[in-house]
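Structure record follows, encoded as C-alpha cells.
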Amino acid sequence: MMRRWMMGAALAVLAGGGAGATQEPDYAAWPPLAPVFESTGGGGIMIGEYEPVVIRDHCLTGFTATTPDGTVYRNIVLFDAVPAQGGVLCTNGAWRALDGDAAGTTPFRVFIRDGVRRRAP
C-alpha cells in the first residue's frame, strides 16, 4: 500500500502536479518597460530605444547598447512572439550588432498587450 502511494506521488510530481510545479506568471503585473534599462549581461551597459513590435510570429526591435565610457553600439533583436494572456510574450531573443561584429541570445522577455510593453522582473 505504501509503495503504491509513493509511486502515485512520484507520478504526480513528474506530471507537474507536485509542489515543484510552476505557474505561468501574471505578465500584466510585470513593470512597464522603461526607456532606458541595464543590460541583462551587466557590466554597466545601458539599453535604450528598445521598442519591440509584433510582426506575425516574431517581435522585433532595434536598440542601443551604451557602455560606461559613452560608446554607443546599434543592434537589433528578434524574438519568438507567443500568444499569452490576451497579449504577446516576446521570448527566446537573438540579437546582433548592426555592424556585424557581435551576436548572441538574451534571456530578456517582454509582454505586449493593448499597446503596453512590460518587462520581466
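All of the numbers you see were taken from the coordinates with simple rules; none came from a lab. For clarity, every value in this text was computed on a predicted model and none was experimentally measured. Reconstructed Cβ throughout: ideal geometry from the backbone, glycine too, with neighbour counts over all protein chains shown.
Distance from the C-alpha centroid of segment 91-121 to that of segment 28-84: 5 Å, rounded to the whole angstrom.
By counting other Cβ atoms within 10 Å of each Cβ, how are 61, 105 ranked from fewest to most?
Numbers: 61 19, 105 10.
With the fewest neighbours first, 61, 105 line up as 105, 61.
How would segment 30-119 be classified by its alpha-carbon gyration tensor: rounded, prolate or oblate, with rounded meaning a/c under 1.5 and the a/b versus b/c comparison settling the rest?
On the way: a/c = 2.23, a/b = 1.58, b/c = 1.42.
The shape class here is prolate.
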